[in-house]
Amino acid sequence: MKVYKNIESIERDLKILDLERKIALEELKLLKNDYENSFRLPNWFQSGLSILNKASTILMLKRVFKK
């Protein structure tokens, strides 16, 4: 436990702790926003279309090389 000798050092440490808490809160807000954006419907459609495009390309190539 830290022992303080004057009120200024207590106030300085309290100010530092308050700023660290605010920074942590903003980082949590950013993480929440990133998480929500990753599960939005357009992102799923884009991923699904990309997978379908790759699968259809593979199927076309298989048909071409079978002949």
Can you pull out every residue in the range 5-45 that is surrounded by 10 or more Cβ atoms within 10 Å (Cβ to Cβ) and aromatic (Phe, Trp, Tyr)?
Trp44, Phe45
Within the range 1-12, is there a residue that is modelled with pLDDT under 90 and hydroxyl-bearing (Ser, Thr, Tyr)?
no
What are the pairs with Cβ atoms under 9 angstrom where one residue, in the range 24-46, is in a helix (DSSP H, G or I) and the other, located anywhere, is modelled with pLDDT under 75? Sequence gap at least six, or different chains.
Asn37/Asn43
Have a look at Leu61, Leu19 and point out the one that is modelled with pLDDT of 85 or more and in a helix (DSSP H, G or I).
Leu19
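The values are calculated or read from the model by the stated rules, or taken from the named source; none is laboratory data. Being a predicted model, the structure only gives us computed values, none of them experimental. Don't worry about glycine lacking a Cβ; one is built from the backbone with ideal geometry, like all the others, and counts go over all protein chains shown.
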